[in-house]
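Here is the structure we will look at, set down as structure tokens.
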Amino acid sequence: MNKTINLKNEIRIIEDFPKKGVSFKDVTTILKNPKALKYTIKEMSDYIEDKKVDVIVGPEARGFLFGVPIAHKLDLGFIPVRKLGKLPFKTHNIDYDLEYGTDKLEVHIDGIQKGQRVAIVDDLLATGGTALATSRLMEKVGGEVACLNFVIELTELEGRKKLKKYDIQSLVNYKV
Ligand SMILES: O=P(O)(O)OC[C@H]1O[C@H](OP(=O)(O)OP(=O)(O)O)[C@H](O)[C@@H]1O
Ligand SMILES: Nc1ncnc2[nH]cnc12
């Protein structure tokens, strides 16, 4: 049954959101469709299962939506990476580039144990800034990035160029 799904048909495109010129890929239409959701979680979990991963990591906010069910399916824990000031306990942080200026991503100091292999899960790879910062944060705290897993990749934004040293999975590609 899973094999009959064409995931692209389950992603809603909204032009000019959140600003003119952006073709927004809306994954809420995957989340509300049980077959599409099951297919997505299975495909990503199957990939991660072979990589000897100890923990699933997901950047705020849409990384949580896919990261937690994948962690549950693989009997692993989930560690959130959040924007500055959102995590309640002590944190390690890293700077990352935004369109204008920089921001910080944080993880709890007891989130990742030294030597743990992590899979970083997010809904979408665009410029790769979020994935690169999350990967560097994992390495800074002693983790090893086993793979990066995305539902969607926007190929013309060339996120992969920033992430050459990592093993990357994406289920669906668009140019932008
Ligand atoms: O490859 P990049 O250029 O870094 O873009 C991809 C990131 O952008 C989106 O998150 P966003 O920062 O909009 O946060 P949100 O999930 O909290 O809306 C998306 O969910 C990825 O995390
Ligand atoms: N085009 C896009 N659609 C959805 N999320 C995004 N994050 C960065 N670019 C995006």
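The values are calculated or read from the model by the stated rules, or taken from the named source; none is laboratory data. Quick caveat: nothing in here was measured; it's all calculated off a predicted structure. Cβ sites come from the backbone with ideal geometry, for glycine too, and all protein chains shown count toward neighbours. Heads up: the accessible areas ignore ligands, DNA and RNA and are worked out on the full protein's heavy atoms, side chains in. Shrake-Rupley method; radii C 1.70, N 1.55, O 1.52, S 1.80 Å.
Can you give the FRET efficiency to the nearest 0.05 for Asp16 and Asp97, using r as the Cβ-Cβ distance and R₀ = 25 Å?
Values: r = 24 Å, r/R0 = 0.94.
So, using R0 = 25 Å, E works out to roughly 0.60.
Summarising the label geometry, the points placed 7 Å from Cα in the beta-carbon direction at Gln113 and Asn33 lie 4.0 nm from one another.
Note on region 52-174: antiparallel DSSP beta bridges, both residues inside, total approximately 30 percent of the bridges counted.
For the chain, the relative contact order is 18 percent, taking Cα pairs closer than 8 Å that sit 6 or more residues apart in sequence and dividing their mean separation by the residue count.
Once the Cα gyration tensor of region 1-128 is found, what semi-axes does its equivalent ellipsoid get, as square roots of 5 times the eigenvalues, in whole Å, sorted largest first?
Working: eigenvalues 133, 103, 24 Å².
Gyration-tensor ellipsoid for region 1-128: 26, 23, 11 Å.
What does the accessible area per residue of the chain come to in Å², with a 1.4 Å probe and no ligands, DNA or RNA counted? Present the calculation step by step, with values, prior to reporting the outcome.
Details: 9530 Å² over 176 residues.
That works out to 54 Å² per residue.
As a rough guide to protection, the peptides 107-114, 67-74 ranked by mean Cβ packing within 10 Å, highest first, stand as 67-74, 107-114. Relative to the current alpha-carbon distance between Lys90 and Leu7, full extension at 0.36 nm per residue lengthens the span by 26.0 nm.
Using mean Cβ contacts within 10 Å as the protection proxy, how do 148-157, 16-25, 88-97, 41-50 order, highest first? Intermediate values should be presented prior to the final figure.
Working: 148-157: 20.4, 16-25: 11.0, 88-97: 14.6, 41-50: 17.4.
Descending mean neighbour count gives 148-157, 41-50, 88-97, 16-25.
Only protein atoms count toward the accessible area here, which uses a 1.4 Å probe; on region 62-176, the carbon and sulfur part of that area reaches 50 percent.
Applying 1/(1 + (r/R0)^6) with r as the Cβ-Cβ distance of Glu158 and Asp50 and R0 = 22 angstrom yields a FRET efficiency of 0.25.
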